[in-house]
Amino acid sequence: TRNGVDFAVADLAQAEFGRKEIRLAEHEMPGLMALRREYAEVYPLRGARISGSLHMTVQTAVLIETLVALGAEVRWASCNIFSTQDHAAAAVVVGPHGSPEEPKGVPVFAWKGESLTEYWWCTERALTWPDGAGPNMILDDGGDATLLVHKGTQYEKAGVVPSPEEDDPEEWKVILELLRASLAADPGKWTKIGEGIRGVTEETTTGVLRLYQLAAAGELLFPAINVNDSVTKSKFDNRYGIRHSLIDGINRGTDVLIGGKVAVVCGYGDVGKGAAESLRGQGARVIVTEIDPICALQAMMDGYQVAKLESVLDTADIVITTTGNKDVVTVDHMARMKHQAILGNIGHFDNELDMAGLARYPGIHRINIKPQVDEWVFPDGHSIIVLSEGRLLNLGNATGHPSFVMSNSFSNQVIAQVELFTKYQGYDREVYRLPKILDEKVARIHVEALGGEITKLTKDQAEYIGVDPEGPFKSEHYRY
Ligand code: NAI
């Protein structure tokens, strides 16, 4: 704690650099800046205590400071051990008007290269308010903050935290350890936090999946807004964001020429579409794997070969997973890959690749090339290059998505926070989406910022196609 701000970041001295990049990013985030102007005198988030768990990048800094501008108190952690940009974290702690000696910003608990224990400690710190009041909103990306509150509440009710099984993932053991310690120290902590929360707004596909599962089981403790499935989120961030940041991660990690190589993209959803286009744009020959015939057919119509991973492993120079599923690339696949082939994941969690299996492979040898780049040498002498230890490589090896696309995503986040914070009584413990008219509003701001002109419907035309001339312009089932 310094000057009343508690925090855990790498180095406050990086705040000045962070502030310069935040200033440039603000210009590239017209949606967030428009929301600041729209709500300048209104402070709709006054009284909101938001615990955020989302990659602590420059773009997220602009999001955090927008929430503060709307009146919120905020505490923040990253949602990945490698994704924090240390200068952005420092700048948020220092704040626009503070200094490293006298920080006046937001408590942030995040640095690049956390251990799993440190990661979950940071998440807990973001959820633990110093005066014991607790958060009343969560802003989540992948659902880890929400998971901690739900599991904590569940085990407090049972009065006991289960012992980990031997073959449980390492991360789950860390979570159980943390919850066991908190049950001993403060047995009502998570129940109280859960009861104080008005709602959560969730950023990504994987976190949204967890929310729908909780709601279906009747276990969701508070209402949720699915931000991911705003059209101006998943059809832009997941796709065009990845188109930008996938090759950025591969380039910064390896500097291998992508042109002429064979690249396999596992999954052809929104992220997969962006990933395939990104690699094709560099001149790679792209092959797609899919389990869903609709997405497989889309890939073929877009000109990609569709194959099973097993059929094409022998030729692949680059393999990227984008599925949000687990065990997509097994250790047997890895052992069959070409010498110095590149393997990376850009889905939310690292379980798409069997990293634990790779580490256990008899005779395997790991050579760290540089942070977030490892060469794994098999006993026969051939090796593969794994990026970011199997965690999302665009944020681990590069700086994630650029500001303009995140302005779309984060505008939806801010709108969703205002909606749930101010109108929570009208929501059940279910998962909701934002109304289409707000999606169109976010899009309009960004079209105008890019100098696009939107055609206006005449009254006659609007009647003919059966919509209001001011929108919404499409039915709910329209797929874009
Ligand atoms: P999506 O549901 O649109 O796409 C996933 C696709 O993978 C689906 O088409 C599905 O049929 C396919 N799939 C599932 N299992 C498969 C398997 N075993 N083999 C081949 N294909 C399989 O989801 P979306 O939005 O594309 O997100 C994918 C992941 O990326 C999620 O974990 C999401 O949270 C994450 N994400 C990561 C971002 C980043 O910056 N790294 C940005 C946005 C999302």
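With each pseudo-label sitting 7 Å past Cα toward Cβ, what's the Asp468-Ala216 distance in nm, one decimal?
3.3 nm
Whole number please: convex hull volume per residue, Cα atoms of the chain, in Å³.
Spelled out: Cα convex hull of the chain, divided by residues, is 159 Å³.
Give the peptides 181-194, 446-459, 257-270, 398-411 in descending order of average Cβ contacts within 10 Å, highest first.
In descending order of packing, they fall as 398-411, 257-270, 181-194, 446-459.
Using a 1.4 Å probe over the heavy atoms of the protein chains, calculate the carbon and sulfur portion of the accessible area of the chain as a whole percent.
Numbers: 11040 of 21140 Å².
Looking at the chain in its full context, I get 52 percent from C and S.
Would you mind calculating the relative contact order of the stretch 82-205 from Cα pairs under 8 angstrom and at least 6 residues apart, reporting the percent as a whole number? Don't skip to the answer; put the middle values down first.
Values: 142 pairs, mean separation 31.8, N = 124.
Reported relative contact order: 26 percent.
Mind ranking His339, His150 by accessible surface for me, highest first, 1.4 Å probe? Can you show the working numbers first?
Working: His339 110, His150 20 Å².
So the residues, ranked largest to smallest area, are His339, His150.
Please give the length that would be gained between Asp168 and Ser311 if that part of the chain were fully extended, namely 0.36 nm times their separation in residues minus their C-alpha to C-alpha distance (nm, one decimal).
Taking Asp168 through Ser311 to full extension adds about 48.4 nm, to one decimal.
Place +1 on the Cβ of every Lys and Arg and -1 on the Cβ of every Asp and Glu in the chain, take the dipole about the Cα centre, and give the residue among Leu220, Val92, Val442 whose Cα lies farthest towards its positive end.
Among Leu220, Val92, Val442, the one farthest towards the positive end of the dipole of the chain is Val442.
Glu101 to Asp327: FRET efficiency via 1/(1 + (r/R0)^6), r the Cβ-Cβ distance, R0 45 Å, to the nearest 0.05?
Rounded to the nearest 0.05, the efficiency is 0.35.
Got the relative contact order for the chain handy, in percent, Cα pairs under 8 Å and 6 or more residues apart?
15 percent.
Calculate I(q)/I(0) for the stretch 181-316 by the Debye formula, one identical point scatterer on each C-alpha and no solvent, and give its log10 at q = 0.16 Å⁻¹ to two decimals.
With one equal scatterer per Cα and no solvent, log10 I(q)/I(0) is -0.88.
Go ahead and collect, in residue order, the members of the stretch 239-282 whose backbone nitrogen is under 11 Å from a label point 7 Å along the Cα-Cβ direction of Ile369.
Flagged as within label range: 250-257.
List the lysines whose alpha-carbon lies under 29 Å from that of Lys423, not counting same-chain residues fewer than 8 positions away?
Lys151, Lys157, Lys189, Lys192, Lys233, Lys235, Lys436, Lys441, Lys474
Take the Cβ-Cβ distance between Asn3 and Val447 as r, set R0 to 35 Å, and report the resulting FRET efficiency rounded to the nearest 0.05.
Once the sixth-power term is evaluated, E becomes 0.25.
Which shape class applies to the stretch 301-406: rounded if a/c is under 1.5, otherwise prolate when a/b exceeds b/c and oblate if not, where a ≥ b ≥ c are the square roots of the Cα gyration tensor eigenvalues? The partial results should precede the final answer.
Values: a/c = 1.82, a/b = 1.23, b/c = 1.48.
Here the stretch 301-406 falls in the oblate category.
What does a probe at Tyr424 reach in the stretch 118-135, counting residues whose amide N is under 18 Å from the point 7 Å along Cα→Cβ?
Within reach of a label on Tyr424, which here means backbone N under 18 Å from a point 7 Å along Cα→Cβ, the stretch 118-135 contributes 126-135.
In debye, nearest 20: dipole of the chain around its Cα centre with unit charges on the Cβ of K, R (+) and D, E (-)? Before the final figure, lay out the partial values.
Values: 47 positive and 66 negative charges, 139 e Å.
Charge dipole of the chain: 660 debye, to the nearest 20.
Any idea what the dipole of the stretch 142-260 comes to, in debye rounded to 20, about its Cα centre with Lys/Arg Cβ at +1 and Asp/Glu Cβ at -1?
Around 520 debye, computed over the stretch 142-260.
How large is the accessible surface per residue of the stretch 298-443, computed with a 1.4 Å probe and reported in Å² as a whole number?
Per residue, the stretch 298-443 has 42 Å² of solvent-accessible surface.
Rounded to the nearest 0.05, what FRET efficiency do Glu195 and Glu476 have when you use their Cβ-Cβ distance and R0 = 41 Å?
That gives a FRET efficiency of 0.80.
Taking amide H atoms as placed 1.01 Å from N in the peptide plane, list the residues 5 or more away in sequence, or in a different chain, whose amide H sits under 5 Å from that of Ala8.
For Ala8, the qualifying residues are Val108, Phe109, Ala110.
By per-residue mean of other Cβ atoms within 10 Å, what is the highest-first order of 73-80, 281-288?
Working: 73-80: 25.9, 281-288: 19.4.
Ranked by mean Cβ neighbours within 10 Å, highest first: 73-80, 281-288.
Check Ala341: other-chain or 5+ apart residues with amide H under 5 Å from its amide H, H built from backbone geometry?
Result for Ala341 returns Ile385.
Any idea how far apart Tyr432 and Ala356 come out in nm if each label point goes 7 Å out from Cα toward Cβ?
Result for the modelled spin labels: 3.8 nm.
Below 8 Å, C-alpha to C-alpha, sequence gap of six or more: please give me the relative contact order for the stretch 15-164 in percent. Could the numbers behind the result be given before it?
Values: 265 pairs, mean separation 37.3, N = 150.
Normalised by residue count, the contact order of the stretch 15-164 is 25 percent.
Can you give me the solvent accessible area of Asp380 with a 1.4 Å probe, rounded to the nearest 10 Å²?
Rounded to the nearest 10, the figure is 120 Å².
The values are calculated or read from the model by the stated rules, or taken from the named source; none is laboratory data. Worth saying up front: this structure is predicted, and the values here are computed from it rather than measured. With ideal geometry, Cβ positions are generated from the backbone for all residues, glycine too; neighbour counts draw on all protein chains shown. Remember, those area values only see protein heavy atoms, side chains included, never the ligands or the DNA or RNA. Shrake-Rupley method; radii C 1.70, N 1.55, O 1.52, S 1.80 Å.
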